[in-house]
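**Student:** Handing you this structure, nothing more for now.
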Amino acid sequence: YFFEVCYKATVLPPTPKLEDLFPSCGIKNAIAVPVGKEVEARLLITDAKGNPIKNTSLGVYDLKTDNAGIVSFKARVVRTEC
């Protein structure tokens with residue numbers, strides 16, 4: 001799942017990244033969430049110049065950055081049968 005926005009999101013530790021688990025897959029800046037597990041993601045949100053976007057609603061779900069430009073949320077992947 002992905003969406004396109006007018007800002008840059010950088011994955012921050014300790015958020016698990018897909019490229020750390022599978023370095024040769026070529027996917028960058030993606031969160032790794034094992035099926036059936038929940039992870040807490042932390043992202044630094046910046047504008048085109050690299051400045052943190054502070055205390056701002058992102059317009060996705062109810063996510064809002066804090067006073068450092070960081071947004072935190074939980075992600076969970078569940079298996080569904082077709």
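**Student:** Within the stretch 26-47, take every residue that is more than 10 Å from the chain's Cα centre (by Cα) and not in a loop (DSSP other than H, G, I, E, B) and give me the one that is surrounded by the fewest Cβ atoms within 10 Å (Cβ to Cβ).
**Tutor:** Within the stretch 26-47, the match that is surrounded by the fewest Cβ atoms within 10 Å (Cβ to Cβ) is VAL35.
**Student:** Only one of TYR61, TYR1 is among the hydroxyl-bearing types (Ser, Thr, Tyr), in a loop (DSSP other than H, G, I, E, B) and modelled with pLDDT of 85 or more; which?
**Tutor:** Numbers: TYR1 fails: modelled with pLDDT of 85 or more.
Within the list TYR61, TYR1, the selection yields TYR61.
Every residue, every condition in (1) under 13 Å from the mean Cα position of the chain (by Cα); (2) of a type in the set (D, E, K, R); (3) assigned to a helix (DSSP H, G or I), yes or no:
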residue	(1), (2), (3)
ALA9	yes, no, no
ASP20	no, yes, yes
SER24	no, no, yes
LYS49	no, yes, no
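**Student:** Does the stretch 64-82 hold any residues that are over 16 Å from the mean Cα position of the chain (by Cα) and modelled with pLDDT under 95, and which are they?
**Tutor:** Matches in the stretch 64-82: VAL78, ARG79, THR80, GLU81, CYS82.
The values are calculated or read from the model by the stated rules, or taken from the named source; none is laboratory data. Remember, it's a predicted structure, so these values are computed and weren't measured experimentally. Cβ atoms come from the backbone with ideal geometry, glycine included; neighbour counts cover every protein chain shown.
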